[in-house]
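Structure first, then comments.
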Amino acid sequence: MIIAVTGTPGVGKTTVSKLLARKLGYEYVSLRDYVMERGIGEMKGDELEVEVDELAYNFERDFAGKNVVADGHLSHFLKADLVVVLRAHPKLVGERLKGRGYSKEKIGENVEAELVDVILVEALEENENVIEVDTTGKTPEKVVDEIIGLIQKGVKRRVGIVDWSEVYDEVIPYLRL
Ligand code: ADP
Ligand code: MG
């Protein structure tokens with residue numbers, strides 16, 4: 001089974017994906033590393049630009065039929081059996097990206113994306129089987145246990161569990177207004 005773990009930068013994809021892969025005994029694949037190794041992406045300034053169709057095509061050829069956890073904010077464009085969209089309070093996203101030294105512009109862009117469900121909406125356009133998991137206030141272990149629990153129960157779709165408009169006031173300092 002191919003499990004795609006997606007979400008806004010900073011939500012915890014890499015942390016959760018590695019642990020999820022370890023617990024399931026699946027192969028962990030960082031899409032960023034995969035794209036670099038395969039020469040699929042192109043550096044535009046300090047950003048890696050990826051042709052998603054080319055990524056999906058190559059990934060399918062290399063991993064179809066294998067047990068893989070694919071980690072990346074483009075993973076919902078892969079032909080996956082399950083897409084896990086990780087969510088986090090936009091303020092958490094903002095603080096984590098600040099800690100990574102992202103520019104105010106880049107932080108704002110990502111906080112806004114988390115606030116208005118950009119990745120979730122994209123994932124729903126691409127795949128029927130989308131599970132949304134709110135990581136806010138949970139340890140990575142707890143998040144992984146929740147994902148495994150849903151898989152074991154055969155849940156293939158669970159969306160609409162967060163509404164960040166409720167915390168809009170807390171997020172305003174991060175926005176590009
Ligand atoms: P992403 O891959 O989505 O950009 P990371 O996995 O790199 O996110 O996580 C960003 C930061 O948040 C890391 O410092 C990580 O330790 C922390 N983190 C990730 N998941 C959690 C969690 N569930 N609880 C607390 N901190 C977390
Ligand atoms: Mg990551």
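Put simply, the chain fits an ellipsoid with semi-axes of 25, 21, 14 Å; these come from the alpha carbon gyration tensor as the roots of five times its eigenvalues, largest first.
Which of LYS98/LYS156; LYS23/LYS156; LYS79/LYS104; LYS104/LYS153; LYS104/LYS138; LYS104/LYS156 have a Cα-Cα distance over 30 Å? Table pairs above 30 Å Cα-Cα are LYS98/LYS156; LYS79/LYS104; LYS104/LYS153; LYS104/LYS156. In loop segments of segment 32-123 as defined by DSSP, the trypsin sites (Lys or Arg not before Pro) with at most 16 further C-beta atoms inside 10 Å of their C-beta are LYS66, LYS79, ARG100. Global dimensions of segment 1-44 from alpha-carbon coordinates: Rg and Dmax equal 11.8, 36 Å.
Just so you know, all these numbers are worked out from the coordinates, no wet-lab data involved. Worth saying up front: this structure is predicted, and the values here are computed from it rather than measured. Using ideal geometry, Cβ is built from the backbone for each residue, glycine included, and neighbour counts are taken over all protein chains shown.
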